[in-house]
Amino acid sequence: MAKRAWRESGLGAPTDLHSLQERITQLEQHNADLTAELSEREEDLIAARAANRQLMATLNARS
């Protein structure tokens, strides 16, 4: 009966809530993965900057 009402209203098919919820879950997981990856890259960048500062200080001390 609900499908008939949707069809008769001209709005199209009813939304598949289960599929939408699965997609939301997938996107939330993808977002969490990207956030973790970004955090790791930020830590690597911080370490690289510290190593660079130390190297420059060592080179400058020799001059």
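Summary of values
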quantity: Total residues in the range 45-63, condition of a type outside the set (A, V, I, L, M, F, W, C), part of a helix (DSSP H, G or I) and loosely packed, with under 10 Cβ neighbours inside 10 Å; calculated: 3
quantity: Selected residue [open to solvent by less than 100 Å² (accessible area, probe 1.4 Å), at pLDDT below 95 and among the β-branched types (V, I, T)] from T35, T25, T15; calculated: T15
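The values are calculated or read from the model by the stated rules, or taken from the named source; none is laboratory data. In this text the structure is predicted, and so the values were computed from the model without any measurement. Cβ sites come from the backbone with ideal geometry, for glycine too, and all protein chains shown count toward neighbours. Heavy atoms of the whole protein, side chains included, go into the accessibility calculation; ligands, DNA and RNA do not. Shrake-Rupley method; radii C 1.70, N 1.55, O 1.52, S 1.80 Å.
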